[in-house]
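The values are calculated or read from the model by the stated rules, or taken from the named source; none is laboratory data. Quick caveat: nothing in here was measured; it's all calculated off a predicted structure. Neighbour counts run over all protein chains shown; Cβ positions are idealised from the backbone, glycine included. Side chains are part of the model used for accessible areas, which takes the heavy atoms of the whole protein and leaves out ligands, DNA and RNA. Shrake-Rupley method; radii C 1.70, N 1.55, O 1.52, S 1.80 Å.
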Amino acid sequence: MEDIALNEEQTAPVMQTEGAVLVLAGAGSGKTRVLTARIAHLVRDLNVAPENILAITFTNKAANEMKERLSFTTDTRRMWVSTIHSMCVRILRMYPEKRGLTSDFSIYSEQERATVIKQAFKECGLDEDAQLKNIKWHISNAKMLGMTPGEYAQSRRTERDIREITMVYERYARHLKKNNALDFDDLLTEARALLAQDREAREYLAGKFRYVHVDEFQDTNAVQFDIIKMLSSVHGNLFVVGDDDQSIYGWRGARIENILGFEKTYPKAHIFKLQRNYRSTAPILALANASISHNANRKGKKLWTDRQGGDKPVFYEAPDETGEALYAARLISEMRREGYRLSDFAVLMRVNALTRSYEQEFTKYGINYKVFGGFKFFERKEIKDVLAYLRVIANPFDSEALMRIINVPRRGVGEKTLRTLSEYAEREDLSLYDAVLEADELSLPESMKRKLRDFSDYIKELVVMSQESPVDELCSYLVKTSGMYEMYMDGTDEGAAKRANLDELLSSVEEFSRLNEGAVLSDYLQQVTLYSDVDEMDESDYVTIATIHAVKGLEFRCVFVCGLEDNIIPTTRAQNDPDALEEERRLMYVAITRAREKLWLTRSRERYLYGRREPTIRSRFVEELKEELSLPEENDSGRYAGDFSYGYGYSYGARRTGYAQGAVRRVGRASEQSEEGFTFGGGRRASPAPQQPVRFGNVGGAKPAAAGADTSRFAVGVQVKHPRFGNGVITAMRGAKTNLIVTVRFEQGGSRDLAAVLAPLEIIG
């Protein structure tokens, strides 16, 4: 044990080798070290054969890390260390005939599974996309619960469309059996069925594994726990490690009851707690403890550290989502000058629809970033679909864009019709749009010609509107009338997320229109193209933008937790569901405990949601931390009493027009508004009282807005400096004022087209 240093808390469970053991391991408490030390102790000190040890993890990365650490102690090739899915594959290949398989059975990926379900769906005579999505969800849910089609039909007999769900599920199951294939969920359910029904297989495997170890036990579902119980049924030596306060996967079947009720299953179980944290500073841990203490359904732990000092977490409120992202961008830019790397920072959010404003502000400031837990905003399908509509409206000859949206939402325009259109366009030397306009000339059924005429009439209506209406009105009308929004009103979480993304797109267009009076559609599309051009990003150093779910198990020196508003975190559906609300609070806890040194909690006083811009309400999870953060009271409108600056990062009393009194201002208006009065952590008071010191870690005041905001200073031949591309010279210009685009030839990065009011260019000669 001397080569794996352990504290007293960690040593106790390692030495308890017999019987059932539950280790409640708080965030950053060294649970992997404990698991590894326990196995090393069994092999080296107690002479347990490696083949008698089973270690189950929940990611391949965790399994590989454990093998790497153990390789210095034992021959890991003789030991079962793997994910639970990999273990089930191994078991099923040992006894394939018991489940009607051959040993070379196929394992379907998610994409292959979706394809086969769609095939079964069509074979059942069904054709509605919304119904297909619903059935896919129910099949996944049934498998996660370990239910056959018949069992699921019985348990959900009042469910709408249960007949169709069962019919497709049964046909899908037949396809799998015929193809000697299993999907990922089947690996678990088939392994459980094998162990439950075949005594010989169960007793052999349970006898083989004298010691069973399970990591991330709080993430197990009912099927997985059944498998674990059967594999440890002979010797009874089950060692599980988990954290009930980090159980955040209830939506995909994880049962927190497995860890909370462990003693009911194993009345003689030994319980240990790991509460010493090796990751975060004391102020961050104090906030995490205060937050999770509001959950009633938990075992109870209190993280602590002997590390001294550390900055107190900061709460910041912005006027809107752009100001919220701007706050982070300027802070990161400032701290980089103090020696921080971009990889030291993470921006965490409950839903990935919030990434858009951060992507745009980071691009303006030359901050490399990567989005995890979802595609980058402008690369998401629903966003690319709307942008394709806009491209066709701005340029009807864009055949690629028209091809993308001609059947989105579905109009019954199939591959045969598209082929006919393309061949006609090529033969007559026309654009695809012209071919659509001449649909009556095509050898197509009258019903299809009518669909194409309806489509072309709609596009013509939008083209006319684009000449007469502001860009934001055009986009709002497009989303409302095209059927794009209705496409995703299918009652699924995925559909809700896509609708939120459409709302966020409308927010970006509204923001663009407000900042660029008189701008037209082509100007907006040009801006999107500039924002989306990240080919030059330095991949070695970037800010992580991610959903909280995507970073569980990771840590960062500096963390921004954004969007802290009711109906975002906690989500709307959790408001009246106590269990769901507690899971949302556990998400908050996970987000806080990702930070090692610095933590900022942020929100917007108003946000574009559900098709309109509205005031927001501070998240109840922030309200619960008022004492720790010394926050003022918030009234029912989401505003605060009085007109004051607040020492944890925000200023109130500001008006939306210009965001006076020092509130965060938009970069695009920097040329029109003074920057005096703007400081991180507060602004000028409305009264003549002196500005109080602002607590904001070690970060000072804001830097000026982008140098390029004053477009009158640009001219061909002027030398400029960019924080990412270095020195360069302006070689061409087009547009004017807020729509000015400058072409800069950089010494290192080649020529770039940049939006003058957005790019952080400094004139140097």
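Sorted on the mean count of surrounding Cβ atoms within 10 Å across their residues, most packed first, peptides 318-325, 574-581 read 318-325, 574-581. Note on region 101-164: Rg/Rh from C-alpha atoms, Kirkwood Rh, equals 1.00.
Quick one: of the DSSP bridges fully inside the chain, what percent are antiparallel, nearest 5? Of the beta bridges lying entirely in the chain, close to 35 percent run antiparallel.
Over region 37-177, the alpha carbon radius of gyration divided by the compact-protein estimate 2.2 N^0.38 Å works out to 1.42.
Short to long, the 5 Å bins of the Cα pair-distance histogram for region 202-304 hold 2, 12, 19, 20, 18, 13, 8, 4, 2, 1, 0 percent of all pairs. Checking the cross-link pairs Lys31/Lys273; Lys136/Lys498; Lys118/Lys449; Lys143/Lys178; Lys381/Lys416; Lys136/Lys381 against a 21 Å limit on the alpha carbon distance flags Lys118/Lys449; Lys381/Lys416 as lying beyond it. Local charge for Gly30 was computed over the other residues whose Cβ lies under 10 Å away, with Lys and Arg +1 and Asp and Glu -1, and equals +3. Bridgeable lysines around Lys598 (alpha carbons under 19 Å apart, same-chain partners fewer than 8 residues away excluded): Lys312, Lys552, Lys626. A 1.4 Å probe, protein heavy atoms only, puts the accessible area of Thr158 near 130 Å². Counting only Cβ charges, +1 for Lys and Arg and -1 for Asp and Glu, the dipole size of region 226-312 around its Cα centre is about 120 debye.
Look at the alpha carbon pairs under 8 Å that are at least 6 residues apart: their mean separation over the length of region 126-207 gives a relative contact order of 25 percent.
Normalised Debye scattering of region 312-386 at q = 0.24, 0.26, 0.27 Å⁻¹ gives log10 I(q)/I(0) of -1.26, -1.39, -1.44, counting only Cα atoms as equal scatterers and leaving out solvent.
Note that region 117-272, at 20 °C in a medium of 1.002 mPa s, gets a Stokes-Einstein diffusion coefficient of 123 µm²/s from its Kirkwood radius over C-alpha pairs.
Length gained on full extension, Gln719 to Ser343: 132.3 nm, using 0.36 nm per residue less the C-alpha separation. Other residues with beta-carbon under 10 Å from the beta-carbon of Ala120 carry, at +1 per Lys or Arg and -1 per Asp or Glu, a net charge of +2. Note: relative contact order over region 388-485, using C-alpha pairs below 8 Å and six or more positions apart, is 28 percent. Hey, any idea what % of region 150-221's accessible area is carbon plus sulfur with a 1.4 Å probe? C and S fraction of accessible area: 42 percent. Using a probe of 1.4 Å on the protein chains alone, the accessible area found for Arg44 is around 80 Å². Each of Leu502, Gln16, Ser712 was placed along the dipole of the chain (beta-carbon charges, centred on the mean Cα), and the one lying farthest toward the positive end is Gln16.
Taking only alpha carbon atoms, region 220-259 gives an Rg to Rh ratio of 1.01, where Rh is the Kirkwood radius. If you add up the charges near Tyr458, with Lys and Arg at +1 and Asp and Glu at -1, over every other residue whose beta carbon is less than 12 angstrom from its beta carbon, what do you get? It works out to a net charge of +1.
When the surface is traced with a 1.4 Å probe over the full set of protein chains, Arg202 keeps roughly 60 Å² accessible. For Ala55, the residues whose modelled amide H falls within less than 5 Å of its own, excluding neighbours fewer than 5 places apart on the same chain, are Trp80, Val81, Ser82, His213.
Oblate is the label for region 447-500, because the ratio a/c of its alpha-carbon gyration tensor axes (a ≥ b ≥ c) is 1.5 or higher and a/b is not greater than b/c. Over region 422-527, the hull volume per residue, using the convex hull of the C-alpha atoms, is 138 Å³. For the chain, the Cβ-based charge dipole about the Cα centre amounts to some 1620 debye (Lys, Arg positive; Asp, Glu negative; other atoms uncharged). For the set Lys122, Lys136, the ranking by accessible area, highest first and with no ligand, DNA or RNA atoms included, is Lys122, Lys136 under a 1.4 Å probe.
From most to least packed by mean Cβ count within 10 Å, the peptides 11-17, 359-365, 337-343 give 359-365, 11-17, 337-343.
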